[in-house]
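Reviewing the structure listed below.
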Amino acid sequence: QVQFVESGGGLVLTGGSLRLSCAASGRSFSTDAMAWYRQAPGKAREFVAVITDLGATNYADSVKGRFAISRDKDKNTLYLTMNSLKPEDTAVYYCNGVGGNSYSWGQGTQVTVSS
């Protein structure tokens, strides 16, 4: 059974930084793309960032230049480094595979940015 466990969220002030982690278990994702998503209160879940098996990355326009996605294939773990945080980044953050390699969502990790 594939599971994702996200961690690293918290309460920060505007302009602050956080580093999220996502530990995957149940199968290796070393040959697959993985992504971060987020869901703000009252809104649909949205794409944040993706990283391919070769390390290529892509970001939502709203986070480009502020967030960085990375991975440790040996640890089957995905990371999201978030800088210059804004109140509009407040959301529950989730990780998952991409497309046909997507599985049930984990519990996510709450990020709250206070002004």
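The values are calculated or read from the model by the stated rules, or taken from the named source; none is laboratory data. Only a predicted model underlies this, so the values are computations on that prediction, with no experimental measurement involved. Don't worry about glycine lacking a Cβ; one is built from the backbone with ideal geometry, like all the others, and counts go over all protein chains shown. Just the protein is used for accessible areas: all its heavy atoms, side chains included, with ligands, DNA and RNA removed. Shrake-Rupley method; radii C 1.70, N 1.55, O 1.52, S 1.80 Å.
Any chance you could count how many residues in segment 30-78 are assigned to a strand (DSSP E or B) and under 14 Å from Tyr94 (Cβ atoms)?
13
Just the residues that are among the hydroxyl-bearing types (Ser, Thr, Tyr) and either closer than 12 Å to Gln3 by Cα or open to solvent by 20 Å² or more (accessible area, probe 1.4 Å) (or both), please, taken from segment 102-115.
Ser102, Tyr103, Ser104, Thr112, Ser114, Ser115
Looking only at residues in segment 80-101 that are within 15 Å of Ala33 (Cα to Cα) and open to solvent by 10 Å² or more (accessible area, probe 1.4 Å), which one is nearest to the chain's Cα centre (by Cα)?
Tyr94
Scanning segment 52-67 for residues that are of a type in the set (Ser, Thr, Tyr) and either loosely packed, with under 10 Cβ neighbours inside 10 Å or touching a residue at least 12 places away in the same chain (Cβ under 8 Å) (or both), which turns out nearest to Leu85 (Cα to Cα)?
Only one residue tops the list, namely Ser62.
Between a residue in segment 77-92 that is acidic (Asp, Glu) and any residue that is assigned to a strand (DSSP E or B) and open to solvent by less than 30 Å² (accessible area, probe 1.4 Å), which pairs come within a Cβ distance under 8 Å, given they are 6 or more apart or on different chains?
Glu88/Val113; Asp89/Arg38; Asp89/Met82; Asp89/Val111; Asp89/Val113
Taking interchain pairs and intrachain pairs at least six residues apart, which have beta carbon atoms under 7 angstrom, with the first residue in segment 96-114 and closer than 15 Å to Thr31 by Cβ and in contact (Cβ under 8 Å) with a residue 24 or more places away in the chain and the second open to solvent by 50 Å² or more (accessible area, probe 1.4 Å) and among the hydroxyl-bearing types (Ser, Thr, Tyr)?
Sorted first by the residue in segment 96-114, then by its partner, the pairs are Gly97/Tyr103.
Assuming Cys95 fulfils every condition listed in (1) assigned to a loop (DSSP other than H, G, I, E, B); (2) touching a Phe, Trp or Tyr at 6+ places or on another chain (Cβ under 9 Å) apart from one, which condition is it?
(1)
Can you find, within segment 21-44, the residue that is surrounded by the fewest Cβ atoms within 10 Å (Cβ to Cβ) among those that are closer than 16 Å to Ser62 by Cβ and touching a residue at least 60 places away in the same chain (Cβ under 8 Å)?
Step by step, filter segment 21-44, then rank; the result is Gln39.
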